[in-house]
Amino acid sequence: MTTADPNAMSVESVVAKETASSTAHKALTSPWASIVAVVIAILWTVPTAGLLITSFRPEEDITSSGWWTIFTSPKFTLDNYDQVLNGPTALSTYFVNSIVITLPAVIIPVCIATMAAYAFAWMKFPGRDFLFVAVFALQIVPIQVTMIPLLSLYVKLGLTGAEAPGGGFYTIWLSHSIFALPLAIYLLHNFMSQIPGELIESARVDGAGHVQIFSRIMLPLMAPAIAAFGIFQFLWVWNDLLVALVFGGGSPDVSPLTARLAELSGTRGQDWFLLSAGAFVSLVVPLIVFLSLQRYFVRGLLAGSVKG
C-alpha cells in the first residue's frame, strides 16, 4: 500500500495557486480589460465634468448653450457659488447641519459595532449564535418599514422637535446608528474572526483581559475594516434625504444639505447655475474624505480576502 508524498502534494498545490493567480493577473491586465476600464471611466466622468463646468458658467451662457461650448468661448464666474453659499439659497447653514449630523452618525455605530463584533467573535455567552443570526437578519428589514414605529417611539420619549434635547439632532443620530449597526456588526465580525486565535491565546497567557485584547490588539488590526465601513457610512449619511426629513421634522435648524438641494430642484428647477454649484458644494466633503482615506478603504475591502 502506497501513501501520497505530502511534499509532492504541497508542491502541486503551490503550482495550482500560482497558475490561478497568473491567469487572473493576465485577465485583469489584458489590453481589452484596460480598454473597457477606460471606456467606463470616460462614460462615468463626462457627465460629472459637464456639471462641474456648468457650475462655473454665467447664467446667460447656461440658458443659451451647452457646457461643451466652453472650449470655443470660455467664460467662467464664481458668482454661482457666491449666490449658493451667501445668497437667498443660504446653503452654508445646511452645510454645517450636514456635518453635525454625519460625524456622530458615523462615530456612534462604529464604536458600538466594534465592541459587539468582538463579543460575538471572541467571547462565549449563552445565545451568542442566536443573537448573531438575529443581527444578521435585521439587514433584510427595509428601513421604510421601521420609520413610523420608530418615529412614534421618539414622540413618546419627547425626542422630536427643535425644543428636544440636542436641538432635534438626537433622533437623526439614533436612526442612522440603528440602521447601520446590523451591517457594521456583520462586516466587522467577519473581519475579526479572521484574526488567528493563537494571537488571542498568547495574550491571555500573558495575563491580558478582554479590555486589553480589544484595545491593544484588535483595534490596531481592525483599522482598515473600520475605515472602510466608516467611509461607506459617511457617504450614506451625507447623501441621505429620507431619514433626515422623517426624523428631523423638516425644520431648517436640523435639515441637511440634501434637503435644501431638493427644495432648489422643486422651487428653482430652471436655475441650473445654482443647482450645479450646490451639487458640487455637497460633493466636496465626501470627495475629500474618500481621497484622504482611500488607502485604508482599499485595505479594508481586501482584508481577509486572502489567507495564507
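The values are calculated or read from the model by the stated rules, or taken from the named source; none is laboratory data. Quantities reported herein were computed from a predicted structural model and do not represent experimental measurements. Positions of Cβ are backbone-derived with ideal geometry, glycine not excepted, and every protein chain shown enters the neighbour counts. Heads up: the accessible areas ignore ligands, DNA and RNA and are worked out on the full protein's heavy atoms, side chains in. Shrake-Rupley method; radii C 1.70, N 1.55, O 1.52, S 1.80 Å.
The residues 130, 232, sorted by heavy-atom accessible surface at 1.4 Å with ligands and nucleic acids left out, run 130, 232 from largest to smallest.
Sorted largest first by accessible area at a 1.4 angstrom probe radius, with every protein chain in place, the residues 94, 118 fall in the order 94, 118. Reducing region 270-284 and region 158-237 to their Cα centroids gives an inter-centroid distance of 34 Å.
In the context of the full protein assembly, residue 148 retains an accessible surface of approximately 130 Å², using a probe radius of 1.4 Å and ignoring ligands and nucleic acids.
Using a simple spin-label model with pseudo-atoms 7 Å out from Cα toward Cβ, residue 284 and residue 33 lie 3.8 nm apart. In this structure residue 38 has an accessible area near 80 Å², from a 1.4 Å probe over the protein heavy atoms. The heavy atoms of residue 67 offer some 70 square angstrom of accessible surface to a 1.4 angstrom probe. Using the Cβ-Cβ distance between residue 96 and residue 48 with R0 set to 30 Å, the FRET efficiency from 1/(1 + (r/R0)^6) comes to roughly 0.75.
Using a probe of 1.4 angstrom and keeping all protein chains present, the accessible surface of region 85-304 works out to 51 square angstrom per residue.
A 1.4 Å probe over all protein chains sorts 110, 96, 84 by accessible area into 96, 110, 84, starting with the largest.
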